[in-house]
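The values are calculated or read from the model by the stated rules, or taken from the named source; none is laboratory data. Everything numeric in this text was worked out from a predicted model, so none of it was measured. When we count neighbours, we look across all protein chains shown, and the Cβ atoms used for this are built from the backbone with ideal geometry, even at glycine. SASA here: full protein model, heavy atoms, side chains in, ligands and nucleic acids out. Shrake-Rupley method; radii C 1.70, N 1.55, O 1.52, S 1.80 Å.
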Amino acid sequence: MPATVVLGMQWGDEGKGKVIDLLAGDASWAVRFQGGANAGHTVKRRGEKFALHLLPSGAVRKNVRCGLGWGMVIDPDQLIGEIEQLEEMGIEIRSRLLISPRAAFVLPCHAARDAAEESRRSGETIGTTGRGIGPAYEDRTGRRALLLASLLDEDGKKRFDAAQAGAGDDAVVSDAAWNRWRETIGPLLGDCAAAVHGALAKGERVLLEGAQGTHLDLFAGTYPFVTSSSTLAGSACVGAGVGPTAIDTVAGVAKAYTTRVGNGPFPTEAAGKDADRLRTKGFEVGTTTGRPRRCGWLDLPLLRSSVMWNGVTEIALTKLDVLSGMKEIPVAVAYEESGGTIDTVPPSPGALGRVRPIYEMWPGWEEFPSDVSRFEDLPSSARRYVRKTAGSLGVPVTLVSIGADRKASIRCRIDP
Ligand code: IMP
């Protein structure tokens, strides 16, 4: 069985964690291929709640092996904290975790640079997560990054210190911290790409887990209001060391409405009571930063571009329950731009800030009964909402999520 890429089709926070959790039931590996601790996925277990930022969402399934690919940037203290937190919850992870030594470090100096660059941007901040992601990738692209491989070198600390010389107090790493990283992370470093290939060769299913979302992609997104890695399906190949021929499924995760954290264009952003309602009902608060998310309506042109750029083969539509109780629901079916109509995002990133969404009002529905488990059990207008979404995007919807619980998920096949 080949690989499945799971990625966000909007601006992140689409509920990928839950979808991955469901798909991981059939997978032997879950591998992150880009980003760092800017991502956030809340895990609930025995009444306890905490967020994973670096480990794949598949980590909570005890029979799934986990990989951190070389496309990632990794904060070692954050990683150790997550490993220990999982273990405190009775989830053993070290024996099934493999980290690529080619992944780059995120260090305290990167977070400091992230903050300094944001304050320099003054009027037009990006609204980053403050986790040092941009500066860490800048160092990678500038070929001066420190890779996790240095933890394996006998004289790694010496070379690390030499590379950091003159970079300021934030860049100083104590011997104690280095030794802790070396002892904890060193044994977990290994050939993640080869292990994944081994699993694929045995016919096992591998999940390649995207973080953030399509429109935060460094190249395709709403530049400069983007993250510093590529979030597209192709990036799974680059960041995990898997060739495109190994991938047979690209599962795009889209919320039944749209949210965004941080700044940048958002054509279907709602205001006032509408936005408050979505935010409250959908618990739309950032997992990493605690910031309230900007909320708005389903944006089909945005999603059409995501389908195209990622080669999405199936869609998981999440949080449909949040729209319950509305008489009518606005859905953007196209954009008006310079007097014409377009049905995908415009080619210039800034132009997305100038389009006017063309809305259709789709009929709403009452609250869902508590025991819905089949697509047929959903109210007819909710079914219509899903069908019209699949039809407008030309891709089947194969999962509808109607609540945070694993059980509140409807597997289906709604063809366009
Ligand atoms: P950075 O990735 O911290 O540099 O932040 C760049 C932009 O991406 C900001 O708008 C962030 O709010 C956004 N962002 C980064 N990670 C996530 C995520 O996991 N979910 C949603 N937005 C994110």
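Would you confirm, using the coordinates I've provided, whether residue 132 is open to solvent by less than 30 Å² (accessible area, probe 1.4 Å), within 16 Å of the ligand (Cβ to nearest atom) and touching a residue at least 40 places away in the same chain (Cβ under 8 Å)?
Here the answer is yes, as residue 132 does meet what is asked.
To keep it simple, each residue is scored yes or no on (1) more than 16 Å from the ligand (Cβ to nearest atom); (2) open to solvent by 30 Å² or more (accessible area, probe 1.4 Å); (3) at positive phi.
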residue	(1), (2), (3)
96	yes, no, no
111	no, yes, no
115	no, yes, no
124	no, yes, no
128	no, yes, no
139	no, no, no
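I'd like to check which strands (runs of 3 or more DSSP E) are fully inside segment 260-360 and have at least 1 residues that are surrounded by 18 or more Cβ atoms within 10 Å (Cβ to Cβ).
Those strands (runs of 3 or more DSSP E) span 294-296, 314-318, 328-337.
For segment 171-183, what are the residues that are in a helix (DSSP H, G or I), open to solvent by less than 20 Å² (accessible area, probe 1.4 Å) and touching a residue at least 40 places away in the same chain (Cβ under 8 Å)?
Result: 171, 181.
Which of the following residues is open to solvent by less than 60 Å² (accessible area, probe 1.4 Å) and touching a strand residue (DSSP E or B) at 6+ places or on another chain (Cβ under 7 Å): 200, 216?
Among 200, 216, only 200 is open to solvent by less than 60 Å² (accessible area, probe 1.4 Å) and touching a strand residue (DSSP E or B) at 6+ places or on another chain (Cβ under 7 Å).
In segment 244-264, how many residues are out of contact with any His (no Cβ under 9 Å at 6 or more places or on another chain) and within 16 Å of the ligand (Cβ to nearest atom)?
Of the residues in segment 244-264, 10 are out of contact with any His (no Cβ under 9 Å at 6 or more places or on another chain) and within 16 Å of the ligand (Cβ to nearest atom).
Of all residues in segment 404-416, how many are under 18 Å from residue 16 (Cα atoms) and touching a Leu at 6+ places or on another chain (Cβ under 9 Å)?
Qualifying residue count, segment 404-416: 5.
Return yes or no: is residue 230 of a type in the set (S, T, N, Q) and assigned to a loop (DSSP other than H, G, I, E, B)?
Yes.
If you check residue 86 against the conditions, is it without any contact (Cβ under 8 Å) to a residue 60 or more places away in the chain, in a helix (DSSP H, G or I) and open to solvent by less than 30 Å² (accessible area, probe 1.4 Å)?
Criteria met by residue 86.
Identify the residue in segment 356-383 that is among the aromatic types (Phe, Trp, Tyr) and free of Cβ contacts under 8 Å to residues at least 40 places away in the same chain and, among all such residues, is farthest from residue 399 (Cα to Cα).
362
May I ask you to list pairs of residues, at least six apart or on different chains, whose Cβ atoms are under 7 Å apart, with the first in segment 143-160 being over 14 Å from residue 173 (Cα atoms) and the second being assigned to a helix (DSSP H, G or I) and open to solvent by 40 Å² or more (accessible area, probe 1.4 Å)?
Sorted first by the residue in segment 143-160, then by its partner, the pairs are 153/159.
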